[in-house]
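The values are calculated or read from the model by the stated rules, or taken from the named source; none is laboratory data. Note that the coordinates shown come from a computational prediction; the quantities given were computed from them, not determined experimentally. Cβ sites come from the backbone with ideal geometry, for glycine too, and all protein chains shown count toward neighbours. What goes into the accessible areas is simple: the full protein's heavy atoms, side chains included, and nothing from ligands, DNA or RNA. Shrake-Rupley method; radii C 1.70, N 1.55, O 1.52, S 1.80 Å.
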Amino acid sequence: MRNLDEVNRALQRIARGTGIVFTGTVATMLLTFLSRVIIARYFDRYQYGSFTLTITILSIAMTVAIMGFQSGIPRELSRYRMEAPEKISALISTALLMTSVTSLIMTTITAILAPHLGLMLNDIYLPRTLRLASPALPSMVLLMILVAISRGFGRVRENLYYRNILSPLLFLTILVAGLFAGLGFTFVFIAYVFAQFLTTGALAFEMIRLGFLPKRFTFDRELGKELFIFSLPLLLTGILDYVMGWTDSIMLGYYFNPDVVGLYNGAAPIARLIPLFLNSMGFLYIPITTTFFTTGNIEGLKKLYRTTTRWVFLLTFPVFVFIFAFPEVTIGLFFGPKYVEASTALRILAAGFVFHTLLGLNGMSLTVIGETNANLIGNFFASVANVVLNVLLIPIYGIEGAATATAVSYIIANIFRTSWLYKKTGIHPLSGSYLKQLFVGLGMIVILKLANVSVSSIWAALGVLVAFFVVYFALILVLRSVEKEDIELLFAVEKKFGISLGRLRKILERFA
């Protein structure tokens, strides 16, 4: 009974936090999408592809500079708050000092390599745009570290207000103002630098006000070494994540040109909407589940993992069905008709990302139990497969080959992570009720495709989608795939948002 109460309390905390994080994630994706749509529609496909390549290279440089600390700091802060709170100040200042140095180094390297990268990727704009954008790197790294510190204290507001909303909002605002003033393509990157700098400055002041930053900065060699050793696999994992996520764009630039990269990135950002709920649920997952693991409550961790996985899939499935069933309508809605020929690539990417979602927070769970090397190994195999498949498929199939390589790499990584997690803890997401949800959903997608339903407008697509999910949820209830933890999550949602879900709760209780 005690174990069940602990799980229920943890589910309520995650549900409350997920509401905040989900709001922020939706805001980020909406604002980022608006920025990308404006750039894609205002400039030509070649320039949009060049923008994508610039931000991709900048993000890879940031991943190296941050050294995996964005995941290592929340875990270490959670641990030290329990075991040695007197070391927290030294841990924070050490992390800030280390990443300040690495961010300046990566800024210099990026600026120096810009002309060579432009030649390699057949991009005439890249030497200038990369040098214009590279000064954003220190601000990007500091922003991530400050958010990681607040996350280690179990807070989500700083991530919501600053990283999720303020940063993309400032970029969008400055971008639109510059375009109205008649400024050209290079202004896009100046706007990006200013947005990052202003956001990081505002968050730094807020963190000082909250008392999360030390008044005196000291460097603790032992703490730095410990944090670096723990985070090193996370750094390598992060780099390999970018290999899986962005090798397609880089190699399309290498084999073709930024115009093809721009076309492909009419599909890729839409497919990346699919893990929206997974990422939102995961923000508080590490600090909360670390407590379960450090107290030896593996059964509680198992229940938490399974429940969050089921709910993530249930919330994600409508997004996936819409994108997979109606890719032309989806791309046309966001990026316009000149990107519709990327619809097959979008469908392939959607399949890969939904598989990534349906196995749950396996990578974060491995981090919690200290098996960061498993994430590294899994990403390594997946990244090798990604590169090899890109080399083999892109010259023949173009953007569809790139999409296939990315989808396969995500499938390989998630199978490996889930297998390793099961081997070490006996935890896996495939409960009986979850399998029912999966098989019913898969069967209905097959029926939808065999029926060859086609639509010409967004409203017709939404109408088909509503009918699809009325039948889907009815079948889930009839097959009794509802569990007690699901009802507890509804309680948490009611408390958080002050709404009454009594009727829905009674329906679920009836079929539990």
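Within segment 282-297, is there a residue that is at negative phi, of a type in the set (A, V, I, L, M), part of a helix (DSSP H, G or I) and open to solvent by 10 Å² or more (accessible area, probe 1.4 Å)? Looking through segment 282-297, none of the residues is at negative phi, of a type in the set (A, V, I, L, M), part of a helix (DSSP H, G or I) and open to solvent by 10 Å² or more (accessible area, probe 1.4 Å). Where helices (runs of 4 or more DSSP H) fall wholly inside segment 303-385, the ranges with 1 or more residues that are farther than 30 Å from Lys423 by Cβ and open to solvent by less than 10 Å² (accessible area, probe 1.4 Å) are 327-335, 343-358. Taking (1) under 22 Å from Phe219 (Cα atoms); (2) small (Gly, Ala, Ser); (3) buried (at least 19 other Cβ atoms within 10 Å of the Cβ); (4) in contact (Cβ under 8 Å) with a residue 60 or more places away in the chain in turn, Ser103 satisfies each apart from (4).
All conditions in (1) farther than 28 Å from Asp44 by Cβ; (2) open to solvent by 30 Å² or more (accessible area, probe 1.4 Å); (3) out of contact with any Asp or Glu (no Cβ under 8 Å at 6 or more places or on another chain) hold for Tyr192, with the sole exception of (1). Within segment 423-450, the set of residues being open to solvent by 30 Å² or more (accessible area, probe 1.4 Å) and of a type in the set (S, T, N, Q) comprises Thr425 only. Of all positions in segment 149-172, none carries a residue that is of a type in the set (Val, Ile, Thr), open to solvent by less than 60 Å² (accessible area, probe 1.4 Å) and at pLDDT 95 or above.
Looking at Arg75, is it in contact with a helix residue (DSSP H, G or I) (Cβ under 8 Å, 6 or more places away or on another chain) and surrounded by fewer than 22 Cβ atoms within 10 Å (Cβ to Cβ)? In short, no. Ser134 fulfils the conditions (1) within 17 Å of Gln196 (Cα to Cα); (2) surrounded by fewer than 21 Cβ atoms within 10 Å (Cβ to Cβ); (3) of a type outside the set (A, V, I, L, M, F, W, C) except for a single criterion, (2). Candidates Phe326, Phe335, Phe353, Phe322: the one that is in contact (Cβ under 8 Å) with a residue 40 or more places away in the chain, within 30 Å of Gly463 (Cα to Cα) and in contact with a Phe, Trp or Tyr (Cβ under 8 Å, 6 or more places away or on another chain) is Phe353.
Every residue, every condition in (1) within 27 Å of Thr102 (Cβ to Cβ); (2) assigned to a helix (DSSP H, G or I), yes or no:
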{"residue": "Leu142", "(1), (2)": "yes, yes"}
{"residue": "Ala148", "(1), (2)": "yes, yes"}
{"residue": "Gly154", "(1), (2)": "yes, no"}
{"residue": "Glu158", "(1), (2)": "yes, yes"}
{"residue": "Tyr162", "(1), (2)": "yes, yes"}
{"residue": "Ser167", "(1), (2)": "yes, yes"}
{"residue": "Leu170", "(1), (2)": "yes, yes"}
{"residue": "Ala177", "(1), (2)": "no, yes"}
{"residue": "Gly182", "(1), (2)": "no, no"}
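Confirm whether Leu333 is farther than 23 Å from Ile57 by Cα, in contact with a Ser or Thr (Cβ under 7 Å, 6 or more places away or on another chain) and modelled with pLDDT of 80 or more. So Leu333 fails the test.
Within segment 195-224, being among the hydroxyl-bearing types (Ser, Thr, Tyr) and open to solvent by less than 20 Å² (accessible area, probe 1.4 Å) holds for Thr199, Thr200. Of the residues Ile109, Ile60, the single one that is modelled with pLDDT under 90, part of a helix (DSSP H, G or I) and open to solvent by 30 Å² or more (accessible area, probe 1.4 Å) is Ile60.
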